[in-house]
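Undergrad: This is the structure, below, for whatever I ask next.
Rule-based calculations on the coordinates, nothing more; no lab input. Computed from a predicted structure; not experimentally measured. No Cβ is skipped: glycine too gets one built from the backbone with ideal geometry, and neighbour counts run over all protein chains shown.
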Amino acid sequence: MIEYTLAIGDVAISPGPANYTCFGLGSCIGLFIQDRTTGLSGGAHILLPENDKGPNDCAKFYNVSTALEEMLNRFKKCGNSLTSLRAKVVGGANVIGVNTRAGLRNSESVVSRLIANKIFIAALDVGGNWCRTAKFCGSTGELKVRIPGNGQCRIY
């Protein structure tokens, strides 16, 4: 089984069994997509909403639009028709303590993009004011969300 630890701006796709982990999801979004019919799965650790510009690192996918576009392009390259995809979304919290609404903007942006691409949203664990660690199993579709500090774990 392949293990991916996704840093900010990372996108990964696997045609076989894979696990994806995003640590420290505050206002960032952990986006996980699976096609249960083909076994193809992917994950992304997204920093910014829509088309906001990130650091000048062309190898990274910092915003929702570039990350999702890259994931879907990689799915297509693997022969996927994109008609039976399911997404799970984690993060989008207000952890900075100021009224930037970064987390809310991120979660609204990713949900809007998923709907526009006709991707079913199977789980949302967004908002609040706490960080999360997300672990997604691409072969089963199980998503575990841990909240450091209080020991809480949610399974979707």
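Undergrad: With Rg/Rh (Cα atoms, Kirkwood Rh) as the read-out, I listed [x] 0.99; [y] 0.94; [z] 1.02; which label goes with the value calculated from this structure?
TA: [y]
Undergrad: Report, by chain and number, residues whose modeled amide H sits under 5 Å from the one on LEU48, excluding near sequence neighbours (fewer than 5 apart, same chain).
TA: Sorted by chain and number, the residues that satisfy this are ASN63, VAL64.
Undergrad: Can you work out the Karplus-derived ³J(HN,Hα) for every residue in segment 108-117? Use 6.51 cos²θ - 1.76 cosθ + 1.60 with θ = phi - 60°, whole Hz, and x for glycine or proline.
TA: Those phi angles translate into 5, 5, 5, 4, 4, 5, 5, 4, 4, 8 Hz.
Undergrad: Ok, one more. Please compute the contact order of the chain in relative form: average sequence separation of alpha-carbon pairs under 8 Å and at least six residues apart, divided by the residue count, as a percent. Kindly include the intermediate steps, with their values, before the conclusion.
TA: Numbers: 389 pairs, mean separation 41.1, N = 156.
Relative CO of the chain lands at 26 percent.
Undergrad: For helix 64-77, what angle does its Cα long axis make with the longest principal axis of the chain, in degrees from 0 to 90 and rounded to 10?
TA: 10
Undergrad: Before rounding to the nearest 500, sum -39500 (n - 2.57) across all DSSP H runs of length at least 4 in the chain and divide by the residue total; then give [θ] at 222 nm in deg cm²/dmol. Walk me through the numbers before you get to the answer.
TA: On the way: 2 runs with 29 residues, N = 156.
Helix-only estimate at 222 nm: -6000 deg cm²/dmol.
Undergrad: Non-local amide H neighbours of TYR4 (under 5 Å, H modeled in plane, Pro and chain starts lacking H): which ones?
TA: Here ASN19, TYR20, THR21 satisfy the definition.
Undergrad: Between ILE96 and ALA7, what is the spin-label point distance in nm, taking each point 7 Å from the Cα along the Cα→C-beta axis?
TA: Roughly 2.2 nm, to one decimal.
Undergrad: To make sure I understand the rule: partners must be lysines, Cα under 17 Å from the Cα of LYS60, and not fewer than 8 residues away in the same chain. Which ones qualify?
TA: Of all the lysines, none pass the test against LYS60 - Cα under 17 Å, at least 8 places apart if same chain.
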